[in-house]
1. For residues that are assigned to a loop (DSSP other than H, G, I, E, B) and over 14 Å from the mean Cα position of the chain (by Cα), scanning just the stretch 138-193, find the one that is farthest from Leu82 (Cα to Cα).
2. For the stretch 83-112, which positions are under 30 Å from Gly59 (Cβ atoms), part of a loop (DSSP other than H, G, I, E, B) and not hydrophobic (A, V, I, L, M, F, W, C)?
3. For the stretch 161-181, which residues satisfy the criterion of being buried (at least 19 other Cβ atoms within 10 Å of the Cβ) and free of Cβ contacts under 8 Å to residues at least 40 places away in the same chain?
4. Which ones in the stretch 106-128 are in contact with a His (Cβ under 6 Å, 6 or more places away or on another chain) and over 18 Å from Ile25 (Cβ atoms)?
5. Taking the residues in the stretch 1-56 that are charged (D, E, K, R) and in a loop (DSSP other than H, G, I, E, B) as candidates, determine which candidate is surrounded by the most Cβ atoms within 10 Å (Cβ to Cβ).
6. Would you call Glu115 part of a strand (DSSP E or B), within 16 Å of the chain's Cα centre (by Cα) and either exposed (fewer than 13 other Cβ atoms within 10 Å of the Cβ) or acidic (Asp, Glu) (or both)?
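Rule-based calculations on the coordinates, nothing more; no lab input. Given the structure is predicted, the values throughout are model-derived calculations rather than measurements. All Cβ positions, even for glycine, are placed from backbone atoms using ideal geometry, and neighbour counts span all protein chains on display.
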Amino acid sequence: MPIDLRALVNPETTAVLTMELQRGITGDLAAMQQLAEEVRALGVVDNAARLCAGARAVGASVVHCTAAFRPDEQGSAFTSRLSKASRKLNQGRLNIGAEGVQVMPELDPQPSDVEVQRIHGMGPFTGTSLDQILRNMGITTIVATGNSINVGVLALVLSAHDLGYQVVVPRDAVAGVPKAYGDAVLENTIGLLSTVTTTDEVLGAWA
């Protein structure tokens, strides 16, 4: 049965979520250069920016999901290879208040946007008020963008699905490394839990 994308991304009940599109992760102060290069090469930043602008234009919501550390690292656990690598790469660039924590300026963040910051874990819902904020805003559909498919975007999709949200994933607004792996996860996991589409198709549904 064909998906009615226009109904699915009704602006009144839809939010575009950006996942860790921050200066210190894949922006100008990026610690993870391989991921940053992949994100740029695939046009993820440009497409996420287009989706944010399109959402604002039609009255849909924009929510930036960001990660940060306290300078003393209290409240953060480093219990996996990835979390330990993040700690090593941080070097203060992702400390609360540092420039690296800021949403990438290419997304043109606006006062109407909401930012939900976490200091623990890999997914934006765990240990944050993101779910309650979205529910208070009347959101039932999430358009997921950002990085990376390997962990963060996958965690976002899994949690959103389990919490009862409809999830839309524009394949050209997310990235993983290597690209072949990201494509496989989109096809074999994320595609089973969400509606995988493109940036142009979402914007077309809002036109």
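1. Our first condition is that a residue be assigned to a loop (DSSP other than H, G, I, E, B); within the stretch 138-193, this holds for 138-140, 148-151, 163-165, 176-178.
Narrowing the set further to residues that are over 14 Å from the mean Cα position of the chain (by Cα) leaves 138-140, 163-165, 177-178.
On the way: Gly138: 34, Ile139: 31, Thr140: 31, Leu163: 25, Gly164: 28, Tyr165: 27, Val177: 14, Pro178: 16 Å.
Ranking the candidates gives Gly138 first.
2. Initially, the stretch 83-112 is screened for residues under 30 Å from Gly59 (Cβ atoms), giving 101-112.
With part of a loop (DSSP other than H, G, I, E, B) added as a condition, the list becomes 102, 104, 108-112.
Selection gives Gln102, Asp108, Pro109, Gln110, Pro111, Ser112.
3. Tyr165, Val167, Val169, Arg171 - these are the residues of the stretch 161-181 that are buried (at least 19 other Cβ atoms within 10 Å of the Cβ) and free of Cβ contacts under 8 Å to residues at least 40 places away in the same chain.
4. The one that is in contact with a His (Cβ under 6 Å, 6 or more places away or on another chain) and over 18 Å from Ile25 (Cβ atoms): Gly127.
5. Here is the first cut: in the stretch 1-56, the residues charged (D, E, K, R) are 4, 6, 12, 20, 23, 28, 37-38, 40, 46, 50, 56.
Next cut, in a loop (DSSP other than H, G, I, E, B) only: 4, 20, 23, 28.
Numbers: Asp4: 10, Glu20: 26, Arg23: 20, Asp28: 12.
So, considering only residues that are charged (D, E, K, R) and in a loop (DSSP other than H, G, I, E, B), the one surrounded by the most Cβ atoms within 10 Å (Cβ to Cβ) is Glu20.
6. Numbers: part of a strand (DSSP E or B): yes; within 16 Å of the chain's Cα centre (by Cα): yes; either exposed (fewer than 13 other Cβ atoms within 10 Å of the Cβ) or acidic (Asp, Glu) (or both): yes.
Answer is yes for this residue.
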